[in-house]
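What follows draws every value from the coordinates through simple rules; no lab data is involved. Predicted, not measured: the structure shown is a model, and the values here were computed from it. We place every Cβ from the backbone using ideal geometry, glycine too, and count neighbours over all the protein chains shown.
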Amino acid sequence: MKTYLLTGGAGFVGSNLALRFKASMGDGARVVALDNLRRRGSELQLPRLRAAGVEFVHGDIRQLEDLEAVGPVDVMVECSAEPSVLAGYGDSPHYVLQTNLMGTLNCLEIARRYKTDVVFLSTSRVYPMAVINRLRCGERKTRFALEDSQEVPGASARGFSEDFPLEGTRSLYGATKLASELMMREYMEMYGFRGVINRCGVLSGPWQMGKVDQGVVVLWVAAHHFGRPLNYIGFGGEGKQVRDVLHIDDLGDLIEIQLRDLSRYDGKVYNVGGGLKNSVSLQELTTLCREATGRTIPIASVAENRPADIRCYITDNGKVETAAGWTPRRDVRRVVQDVSDWIGAHSEALRPLLTS
């Protein structure tokens with residue numbers, strides 16, 4: 001009987017993957033979701049996990065003994081994190097450092113001990129902010145658009161590939177994830193377990209507790225659903241910033257492909273996101289939210305940039321598409337509609353979480 005451990009297992013990504021694994025890996029699979037329940041809303045995942053037969057462990061990856069309590073692990077998907085790119089700005093960096101770096105080291109210790117296969121969910125935020133914001137970028141009616149000709153390698157109109165340079169600063173969130181990537185590769189080489197690193201762009205879908213600093217699609221849909229105002233912040237305050245969006249089920253598709261033949265992806269690093277077809281500006285996201293909810297809300301303009309803001313990031317999925325034959329199947333409109341339907345079905349439970 002294989003044991004699958006999902007760290008951050010009551011979070012958005014971890015819970016969705018845990019439910020998916022329990023459904024697809026068969027009755028013989030032991031699926032364990034470990035989470036410290038620190039993020040508001042994670043407690044709502046527990047009934048879903050238990051109903052599906054997922055084993056929940058209330059633990060913290062910062063404590064090695066909590067991970068040891070799970071026992072031998074065959075497959076670990078490391079998706080626990082302090083996910084805010086603003087973590088450490090204006091307050092102590094202790095939690096983001098301890099969780100995103102020291103917690104990952106504890107996970108790697110478990111992998112070393114049991115020769116565990118590891119899928120590490122990293123982030124597009126490993127790429128330096130200043131370099132991104134210096135790229136040639138045109139301005140269209142509703143969005144910024146990367147130009148195809150760039151002086152920086154790994155950047156084009158298609159987006160950002162794995163060849164994009166890493167020199168520069170990227171926020172403590174991005175730095176801890178990049179440091180974790182480096183440590184994972186050292187552990188794999190020294191101790192002989194297998195693993196793959198996926199640098200994810202914006203992920204979204206039902207059961208994400210979106211906030212102003214993380215989970216922008218859910219934040220935007222929820223504001224329309226509950227009639228709360230929003231702001232276009234930074235880069236002139238027109239809402240032309242662009243990100244690509246990946247549906248959580250598309251990420252699940254890819255991870256299942258990788259785990260079916262991990263030797264093929266062992267030691268590799270992939271940029272994973274919605275890609276150019278699934279890119280959207282805040283202006284364009286507003287239009288999709290109006291269509292999905294039938295509501296229009298006031299949106300103010302704040303011209304000044306916040307720390308860690310970037311003008312345009314789009315994932316170039318070329319490497320992972322070639323390696324895995326995978327491509328996102330659910331577009332941004334589908335993401336927005338799925339989130340809107342979920343909020344509508346659970347609006348009373350979600351109201352205090354998505355409006356505070």
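What the table below lists for this structure:
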read-out	value
All aspartates and glutamates inside 16 Å of Lys177 as judged from Cα atoms, apart from same-chain residues fewer than 8 positions distant	Glu78, Glu82, Glu162, Glu167, Glu186
Among beta bridges that DSSP assigns inside the chain, antiparallel share in %, nearest 5	20
Net charge, Arg38 excluded, C-beta distance under 11 Å - Lys, Arg +1, Asp, Glu -1	-1
Considering only segment 1-154, percent of DSSP beta bridges that pair antiparallel, nearest 5	15
Surface/4 estimate of mean projected area, convex hull on alpha-carbon atoms of segment 226-330, nm²	8.2
Pairwise centroid distance, computed over Cα atoms, of segment 196-236 with segment 21-62, Å	23
Peptides ranked, highest mean first, by Cβ atoms within 10 Å: ranges 74-86, 249-261, 293-305, 44-56	74-86, 249-261, 44-56, 293-305
Spherically averaged projected area in nm², based on the convex hull that wraps the Cα atoms of the chain	16.6
Cα-projected label distance for Thr322 with Lys115, points at 7 Å along beta-carbon direction, nm	3.2
Packing rank of 7-17, 225-235, 108-118, where each peptide gets the mean count of other beta carbons within 10 Å, highest leading	7-17, 108-118, 225-235
Taking Glu321, Glu139, Glu189 and counting other C-beta atoms within 10 Å, the order from fewest to most	Glu189, Glu139, Glu321
Gap separating the Cα centres of segment 292-346 and segment 1-19, nearest whole Å	23
